Amino acid sequence: MKKIKSLFLLLAVMALTLSSCADESPVNNTTNTDASISLRTTLRQIKKTIGTAGRDGSGDQATCFNFVYPITLSYNNGTVIEVNSYDGLIALLEAETENFYLEGIQFPFQVQEEMTITTINNEDEFMALVQSCGFDTIDEDIYVFNCYQAVYPFSVINQDNQTIVINNETDLYNLFASPNSNSDDYIVDFVYPISLIKDNQTVQANNIYELFDLMDQCEGDTDCICTADYNPVCVNDGMGGVITFGNQCLATCAGYTEADFVDCGIISPANFGGLLGTCFQLSYPVQVAYQGALVTVNNDGELLQYYDASVQQLPDFHYPVQVIDTPVSSISITSAAQFSQFINTHCN
């Protein structure tokens, strides 16, 4: 079937080359395009609307903005093509495969939001638009594993074209939340292949198309909808390693059972004051018990007034408290033991 689909796609591209009336047409390969994670994120969103808004053009508006055509796109093999309409773009998306898919776009281009036309000059501006529209980004998918669990280590490429090795959840957290990083950091791509675990089985994604496809499969998995409560469990991965999940539901959804659970080895947190605002942030206001009374505090400075590191491991919180663990997610912590484990997992 893959060979037949690939043959069909090849014939389709040849037909576009031969037809002067085609809506999409190959252009001179000297045209400069840039690989764009924002483009793949937008195309993913458009694909989701095809079944709901249809192909009458309203689907483009359903994605928060629509492209001002023509736009110039490129495939993962370097083929460059000019797209002249929404219908033409949909036709290309429906013909994509894991071996031949749209990957790049020529900057600048224009988009229309309601009655406003905006010029997008580079990838940073495109990502800002994608984020403002609330599209599901790969940053969120890769950090909030409700379906697949990453196999560490793996490597990512950031917007400064730096390759960063991610050895554990702490490294992944620091990628987005490190005080030394730009608050606008985002993942541009991965070093492939990247391995993921689901139902105790390991699968590989060999490119961004396959990775998005795996993540989209999770959206239809209604049997695994887990809360954001942080009550960590650890499992033996069967290869001598230990994987930490945010709660038992996430571990179960990844295919593990209680028979796989092992001791996480909770270590009491050290220097809460030094970690606050660097490793994690709190969502204020919170309440702490102090000298027999509940005190409401509204910021880090106020909180540290009620914390004595010489006699306390943690402030005496009135739980639950909401902890912001990345720029794109937060978790609810319901006890001091859970807070200790959170710090042990994310900050060591």
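Provide the net charge surrounding Cys347, with neighbours chosen by a C-beta distance below 14 Å and charges set as Lys +1, Arg +1, Asp -1, Glu -1. Please list the in-between numbers first.
Working: positive: none; negative: Glu169, Asp171, Asp325.
With Lys, Arg at +1 and Asp, Glu at -1, the net is -3.
Set the Förster radius R0 to 30 Å, insert the Cβ-Cβ distance between Glu94 and Asp263 as r into 1/(1 + (r/R0)^6), and round the FRET efficiency to 0.05. Can you show the working numbers first?
Details: r = 50 Å, r/R0 = 1.66.
The formula returns an efficiency of 0.05 here.
Would you mind checking which residues have amide H under 5 Å from Ser155's amide H? H placed 1.01 Å from N; only 5 or more apart, or other chain.
Placed amide hydrogens put Ile166, Val191 under 5 Å from Ser155.
Along region 188-195, what does the Karplus equation 6.51 cos²θ - 1.76 cosθ + 1.60 (θ = phi - 60°) give for ³J(HN,Hα), rounded to whole Hz, x for Gly and Pro?
Once rounded to whole Hz, the list reads 8, 5, 10, 8, 8, x, 10, 9.
So who's got an amide H within less than 5 Å of the one on Tyr290, skipping anything under 5 residues away but keeping other chains? H placed 1.01 Å off N, in plane.
Close amide H contacts, sequence-distant or interchain: Val295.
For Leu304 and Val203, what does the FRET efficiency come to when R0 = 41 Å and r is the distance between their Cβ atoms, rounded to the nearest 0.05? It would help to have the intermediate numbers written out before the result.
Numbers: r = 45 Å, r/R0 = 1.10.
Computed FRET efficiency for Leu304 and Val203: 0.35.
Collect residues whose amide H, placed 1.01 Å from N in the peptide plane, falls under 5 Å from the amide H of Gln281; neighbours closer than 5 in sequence don't count.
Amide H to amide H, under 5 Å and 5 or more residues apart or across chains, Gln281 pairs with Ile324.
Bear in mind that the values in this text are calculations on the coordinates, not laboratory data. Predicted model only: the values in this text are computed from it and were never measured. As a convention, Cβ positions derive from the backbone with ideal geometry for all residues, glycine included, and neighbour counts pool all protein chains shown.
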